[in-house]
Amino acid sequence: MSTNHDTKDIQQHIKVYMIVFATLAALTVATVAASYLDLSRGEAIFLALTIASVKGSLVASYFMHLISEKALITWILMLTAVFFFILMFIPMTSFIDQSRLG
Amino acid sequence: MDIPYTVEERSDTGLFNAKLGIWLFLASEVMLFGGLFSAYIFLRFGAPDGAFHEWGQELNIPLATLNTLILISSSVTMVMSWASLKLQDIKKYKLYMGLTLLCALGFLVIKYLEYTAKFDHHIFPSTNTFFAIYFTLTGLHGLHIIGGMIVLFYLWIPGRKMWLSNSEQFTNRVEIVGLYWHFVDLVWIFLFPILYLL
């Protein structure tokens with residue numbers, strides 16, 4: 001059975017979940033609104049990915065409890081992030097090739 | 001023999017086994033979607049200037065925005081179903097899990113409407129490289145939603161009997177499927193802007 005302390009803790013968590021939910025909904029509307037702004041392609045990509053990253057961090061930190069998770073999981077995810085970013089840069093090599101070949 | 005570390009934490013990892021297992025699985029999922037995000041970058045840079053943005057104009061932004069809000073709501077109801085179990089409130093668990101499934105179903109119905117609208121306009125994966133990667137990414141994401149729904153349904157009705165015999169293990173099971181569900185939401189959070197808005 002849960003103790004009074006646990007119950008208070010979970011009730012506190014629920015308040016945080018509601019704040020995160022409201023923030024995520026607001027950021028969704030903001031990212032759609034931002035897509036109608038008169039921005040250059042680069043600025044639009046930067047803004048949209050920044051908002052998506054903030055939203056993603058909120059989901060990972062609070063709904064997935066990463067903010068209070070054990071160190072082992074943080075290490076696993078950091079290693080994953082390294083390989084993920086390498087994967088994102090692999091397409092760039094083809095453009096280096098293209099420019100080398102003229 | 002009982003399966004060890006379903007509830008108690010291992011001394012070396014500080015985690016129950018399923019928690020470590022799901023995070024390793026999610027790490028592999030990051031790389032699966034990462035490969036396709038990488039393909040998206042490759043195809044976008046390879047397309048004529050501004051073509052990806054132009055081809056993307058065919059998509060329905062209001063419907064996709066609604067779908068984003070539905071999926072975010074499903075993440076909240078998912079985490080609330082876990083919190084309800086922590087508060088020993090099985091009735092609220094049933095309610096929130098049911099709502100999560102309803103949101104998931106709503107997401108799929110909207111996706112179905114989007115897909116059929118494209119097919120009606122003779123837009124297919126073979127139409128251009130944008131729609132090739134659009135259908136691949138959203139199709140794979142949709143399969144993840146369907147897979148998640150099967151597990152959610154199991155824990156909503158048939159698997160719920162474990163609550164009576166081992167409530168802690170059942171709560172952990174809900175937490176684990178919740179982590180998967182939030183990941184599926186997280187992937188969509190990135191798919192939405194790159195496919196619909198940019």
Of the residues A:Ala30, A:Ala26, A:Ala81, A:Ala60, which single one is modelled with pLDDT of 95 or more and not assigned by TED's automatic domain parsing to the domain that holds A:Gln11? A:Ala81
Given (1) closer than 20 Å to B:Trp82 by Cβ; (2) over 19 Å from the mean Cα position of the chain (by Cα); (3) not aliphatic (A, V, I, L, M), A:Tyr36 misses just (1)
Is one or more of the residues making up segment A:91-98 in contact with a helix residue (DSSP H, G or I) (Cβ under 6 Å, 6 or more places away or on another chain) and modelled with pLDDT of 90 or more? no
Considering residues that are open to solvent by 20 Å² or more (accessible area, probe 1.4 Å) and either closer than 22 Å to B:Ile189 by Cα or among the acidic types (Asp, Glu) (or both), the number found within segment B:110-124 is 4
Please specify each residue of segment A:55-83 satisfying the condition of being in a helix (DSSP H, G or I), within 28 Å of A:Ala26 (Cα to Cα) and either at the interface with chain B (Cβ under 9 Å from one of its Cβ atoms) or aliphatic (A, V, I, L, M) (or both). A:Lys55, A:Gly56, A:Leu58, A:Val59, A:Ala60, A:Tyr62, A:Phe63, A:Leu66, A:Ile67, A:Leu77, A:Ala81
Considering only residues that are acidic (Asp, Glu) and more than 10 Å from every other protein chain (Cβ to nearest Cβ), look in segment A:1-53 and name the one that is surrounded by the most Cβ atoms within 10 Å (Cβ to Cβ). A:Glu43
Residue count, segment B:152-198, condition under 23 Å from A:Leu24 (Cβ atoms), open to solvent by 20 Å² or more (accessible area, probe 1.4 Å) and more than 8 Å from every other protein chain (Cβ to nearest Cβ), comes to 3
Right, B:Leu143: surrounded by fewer than 19 Cβ atoms within 10 Å (Cβ to Cβ), aliphatic (A, V, I, L, M) and either within 14 Å of chain A (Cβ to nearest Cβ) or touching a helix residue (DSSP H, G or I) at 6+ places or on another chain (Cβ under 6 Å) (or both) or not? no
Go through B:Val7, B:Val76, B:Val30 for me and flag whichever is more than 9 Å from every other protein chain (Cβ to nearest Cβ) and of a type in the set (Val, Ile, Thr). B:Val7
Only one of these is farther than 23 Å from B:Leu198 by Cα, crowded, with 17+ Cβ neighbours inside 10 Å and of a type in the set (Gly, Ala, Ser): B:Ala39, B:Ala104. Name it. B:Ala104
Exactly one of these conditions fails for B:Glu54: (1) touching a His at 6+ places or on another chain (Cβ under 6 Å); (2) away from chain A (no Cβ under 11 Å). Give me its number. (1)
Of the residues in segment A:68-91, those that are among the aliphatic types (A, V, I, L, M) and within 17 Å of the chain's Cα centre (by Cα) come to A:Ile73, A:Ile76, A:Leu77, A:Met78, A:Leu79, A:Ala81, A:Val82, A:Met88
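The values are calculated or read from the model by the stated rules, or taken from the named source; none is laboratory data. Keep in mind that what you see is a predicted model, and the values were worked out from it rather than measured. As a convention, Cβ positions derive from the backbone with ideal geometry for all residues, glycine included, and neighbour counts pool all protein chains shown. What goes into the accessible areas is simple: the full protein's heavy atoms, side chains included, and nothing from ligands, DNA or RNA. Shrake-Rupley method; radii C 1.70, N 1.55, O 1.52, S 1.80 Å.
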